[in-house]
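Engineer: After the structure tokens below, expect a handful of questions from me.
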């Protein structure tokens, strides 16, 4: 099944009638009024946009602007994750031991790194744009902000995402206590 079509279908299922009407209005310049009158669902609208090549897997600017216009941050985040390549397949590439170590590392880091988490994730190579996106998606949950940032790092590095790099970044940021706790927890898990 095509992942882009699956994404569009999920968008369609989550649209309210008023949001669908707003999207139809935004498409007036791209789709004729008569054709728009036949649109009864998001799937209908997306099908027309696909046929007219206004949206495609590699061409999502118009789709992004429509989602932004109806102020659906959740859909915007899903689309950005799709553009960035999705995280599920990266994690599957890691061996079982490294997965277990990363899970432990993420847990320890989220429990022990406080408000200075941005310093750590910048050291790991996460851009300020991605940090801002994460803050917008999780405005009141510090641990979730940090967890999403760590997952971004995991996506960014792919198979090269190693727990040793997390420990080094913690030490570089003078978060030695957290690095020590992480190393202790990893030893406990391995024994």
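Engineer: Name the helices (runs of 4 or more DSSP H) wholly within the stretch 64-119 that hold at least 2 residues that are modelled with pLDDT of 90 or more?
Structural biologist: Per the criteria, 96-112.
Engineer: Let me ask another. Return the total of residues in the stretch 153-191 being out of contact with any helix residue (DSSP H, G or I) (no Cβ under 8 Å at 6 or more places or on another chain) and assigned to a helix (DSSP H, G or I).
Structural biologist: Residues meeting the conditions: 9.
Engineer: While we're looking at this one, here's another question. So which pairs qualify, if the first residue must be in the stretch 2-18 and within 13 Å of residue 67 (Cα to Cα), the second must be in a loop (DSSP other than H, G, I, E, B), the Cβ gap must be under 7 Å, and the two must be at least 6 apart or on different chains?
Structural biologist: 12/41
Engineer: With more than 15 Å from residue 21 (Cβ to Cβ) and crowded, with 16+ Cβ neighbours inside 10 Å as the only criterion, which of 59, 76 stands out? Let's see the steps before the verdict.
Structural biologist: Numbers: 59 fails: crowded, with 16+ Cβ neighbours inside 10 Å.
That would be 76, the only listed residue that is more than 15 Å from residue 21 (Cβ to Cβ) and crowded, with 16+ Cβ neighbours inside 10 Å.
The values are calculated or read from the model by the stated rules, or taken from the named source; none is laboratory data. Predicted, not measured: the structure shown is a model, and the values here were computed from it. No Cβ is skipped: glycine too gets one built from the backbone with ideal geometry, and neighbour counts run over all protein chains shown.
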